[in-house]
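Scroll down for the structure; my scribbles are underneath it.
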Amino acid sequence: QVQVAESGGGLVQHGGSLRLSCAYSGSAFVHYTMAWYRQAPGKQRELVAVITTIGTTNSAVSVKGRFTISRDVAREMVYLQMNNLKPEDTSRYSCNGRWSNTELWGLGTQVAVSS
């Protein structure tokens with residue numbers, strides 16, 4: 001069964017850093033475009049960053065210059081390095097994978113940034 005699972009969330013102070021990890025299990029990881037989304041209570045889900053099968057990346061304006069998405073094909077992992085965290089980054093972060101008609105979602109990991 002193909003699935004993804006996130007880890008690495010936690011509580012951090014304003015200006016701190018965290019690295020989120022997304023572990024992929026199954027086959028055909030190289031075919032998936034992978035992304036991180038976040039959703040805070042009462043707010044819509046927001047695309048944070050995306051990385052394509054060839055390593056092209058893009059990120060939301062709100063996190064540009066602070067967050068970096070990467071993937072390790074050999075380990076079948078996707079990472080989100082988050083630096084200079086702000087209280088408004090507090091949210092539940094979820095890993096997403098898309099390939100053809102298949103879409104994967106993890107359960108998410110909570111990130112809280114104190115002011």
> Which of the residues belonging to region 88-115 are more than 14 Å from the chain's Cα centre (by Cα) and not in a strand (DSSP E or B)?
Replying inline: E88, S100, N101, S115
> Looking at (1) assigned to a loop (DSSP other than H, G, I, E, B); (2) loosely packed, with under 14 Cβ neighbours inside 10 Å, which is the one condition that is false for L85?
Replying inline: (2)
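Rundown of residues vs (1) basic (K, R); (2) out of contact with any Leu (no Cβ under 8 Å at 6 or more places or on another chain); (3) assigned to a strand (DSSP E or B), yes/no style:
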position	(1), (2), (3)
E6	no, no, yes
V12	no, no, yes
G16	no, no, no
V30	no, yes, no
Q44	no, yes, no
L47	no, yes, yes
S62	no, yes, no
T68	no, no, yes
> Does any residue in region 72-86 that is in contact (Cβ under 8 Å) with a residue 40 or more places away in the chain and closer than 8 Å to A23 by Cα come within less than 6 Å, Cβ to Cβ, of a residue that is open to solvent by less than 40 Å² (accessible area, probe 1.4 Å) and aromatic (F, W, Y) six or more places away or on a different chain, and which pairs are these?
Replying inline: E76/Y24; E76/F29
>> Can you tell me which residue is farthest from S115 (Cα to Cα) among those in region 18-28 that are of a type in the set (A, V, I, L, M, F, W, C) and outside any loop (DSSP other than H, G, I, E, B)?
In response: A23
>> Against the conditions (1) outside any loop (DSSP other than H, G, I, E, B); (2) over 10 Å from the mean Cα position of the chain (by Cα), where does I54 fall short? Just the number, please.
In response: (1)
> Taking G55 and the conditions (1) closer than 19 Å to E6 by Cβ; (2) open to solvent by less than 50 Å² (accessible area, probe 1.4 Å); (3) free of Cβ contacts under 8 Å to residues at least 40 places away in the same chain, which numbered condition does it fall short on, given that it satisfies the others?
Replying inline: (1)
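I'm trying to understand the selection: among the residues of region 15-52, which are of a type in the set (A, V, I, L, M, F, W, C), touching a residue at least 24 places away in the same chain (Cβ under 8 Å) and in contact with a strand residue (DSSP E or B) (Cβ under 6 Å, 6 or more places away or on another chain)?
L18, L20, C22, A23, M34, A35, W36, A40, V48, A49, I51
The values are calculated or read from the model by the stated rules, or taken from the named source; none is laboratory data. Predicted model, so just to flag it, every value in this text is computed and none were measured. Counting neighbours? That spans all protein chains shown, and the Cβs are built from the backbone with ideal geometry, glycine included. Remember, those area values only see protein heavy atoms, side chains included, never the ligands or the DNA or RNA. Shrake-Rupley method; radii C 1.70, N 1.55, O 1.52, S 1.80 Å.
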